[in-house]
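A short worksheet on the structure shown next.
The values are calculated or read from the model by the stated rules, or taken from the named source; none is laboratory data. Nothing here was measured: the structure is a model prediction, and the numbers come from that model. Here the Cβ is made from the backbone with ideal geometry for all residues, glycine too, and neighbour counts use every protein chain on show. We work out accessible area using only protein heavy atoms, side chains counted, and drop any ligands, DNA or RNA first. Shrake-Rupley method; radii C 1.70, N 1.55, O 1.52, S 1.80 Å.
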Amino acid sequence: NHSSFDTEREENSAMSAVEVYREIIKDNIDYDILIQDSDLKKNRIDEIVDLMLETVCTRRKVLRIAGDDYPAEFVKSRFMKLNSDHIRFVFDCMRENTTKIRNMKQYLRAVLFNAPSTIDHYYTALVAHDIAKGD
């Protein structure tokens, strides 16, 4: 026996949970600092925040990332660990990816998900490449 008052209260608490997560994510990625960086587009940063938020707040038990299924809790915990370095890394990947990205949302979710494990390898390879070129 659900009154409309209860439903409204549930929607409000769900809304506020989303807002709490939004603040946590923005804190984690140093949002205020990132949006001042002239190399990074604010609307793209907002898009990334929204995607992270959508992923963290999903009710699904399983999430598909780059063709593989992962437990949603695992994906959420990875997304909650992302910081500004990971976001900058995502921008670097997008800059380098000259092929037309068919599904931006899927692409971003995959890059965000993989960022913690690929970021060190990526920058190590980049530095090695620069040294080899003699920059």
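Just wondering, is there one or more residues in segment 33-48 that are more than 13 Å from residue 113 (Cβ to Cβ), in contact with a Ser or Thr (Cβ under 6 Å, 6 or more places away or on another chain), open to solvent by 40 Å² or more (accessible area, probe 1.4 Å) and in contact (Cβ under 8 Å) with a residue 40 or more places away in the chain?
Within segment 33-48, none of the residues are more than 13 Å from residue 113 (Cβ to Cβ), in contact with a Ser or Thr (Cβ under 6 Å, 6 or more places away or on another chain), open to solvent by 40 Å² or more (accessible area, probe 1.4 Å) and in contact (Cβ under 8 Å) with a residue 40 or more places away in the chain.
Before we move on, is residue 96 open to solvent by 50 Å² or more (accessible area, probe 1.4 Å) and free of Cβ contacts under 8 Å to residues at least 40 places away in the same chain?
Numbers: open to solvent by 50 Å² or more (accessible area, probe 1.4 Å): yes; free of Cβ contacts under 8 Å to residues at least 40 places away in the same chain: yes.
Yes, satisfied.
Restricting attention to segment 29-48, report how many residues are of a type outside the set (Val, Ile, Thr) and in a loop (DSSP other than H, G, I, E, B). So that I can check it myself, show each step before the final result.
At the first step, the residues of segment 29-48 found to be of a type outside the set (Val, Ile, Thr) are 30-32, 34, 36-44, 46-47.
Within this subset, residues satisfying the condition of being in a loop (DSSP other than H, G, I, E, B) are 30, 36-41.
Of the residues in that region, 7 qualify.
Listed here are the residues, each with its yes/no results for (1) over 11 Å from the mean Cα position of the chain (by Cα); (2) among the aliphatic types (A, V, I, L, M).
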{"position": "59", "(1), (2)": "yes, no"}
{"position": "69", "(1), (2)": "yes, no"}
{"position": "90", "(1), (2)": "no, yes"}
{"position": "93", "(1), (2)": "yes, no"}
{"position": "102", "(1), (2)": "yes, no"}
{"position": "114", "(1), (2)": "no, no"}
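Exactly one condition in (1) modelled with pLDDT under 95; (2) open to solvent by 60 Å² or more (accessible area, probe 1.4 Å); (3) β-branched (Val, Ile, Thr) is false for residue 7; which is it?
Just one mismatch for residue 7, condition (2).
Look at segment 18-48 and say how many of its residues are under 17 Å from residue 78 (Cα atoms) and hydroxyl-bearing (Ser, Thr, Tyr). I'd like the intermediate steps shown before the answer.
Of the residues in segment 18-48, the ones under 17 Å from residue 78 (Cα atoms) are 21-30, 48.
Of the ones still in play, those that are also hydroxyl-bearing (Ser, Thr, Tyr) are 21.
Of the residues in segment 18-48, 1 are under 17 Å from residue 78 (Cα atoms) and hydroxyl-bearing (Ser, Thr, Tyr).
Table: residues versus (1) part of a helix (DSSP H, G or I); (2) of a type in the set (S, T, N, Q); (3) open to solvent by less than 50 Å² (accessible area, probe 1.4 Å).
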| position | (1), (2), (3) |
| --- | --- |
| 16 | yes, yes, no |
| 19 | yes, no, no |
| 27 | yes, no, no |
| 50 | yes, no, no |
| 54 | yes, no, no |
| 101 | no, no, yes |
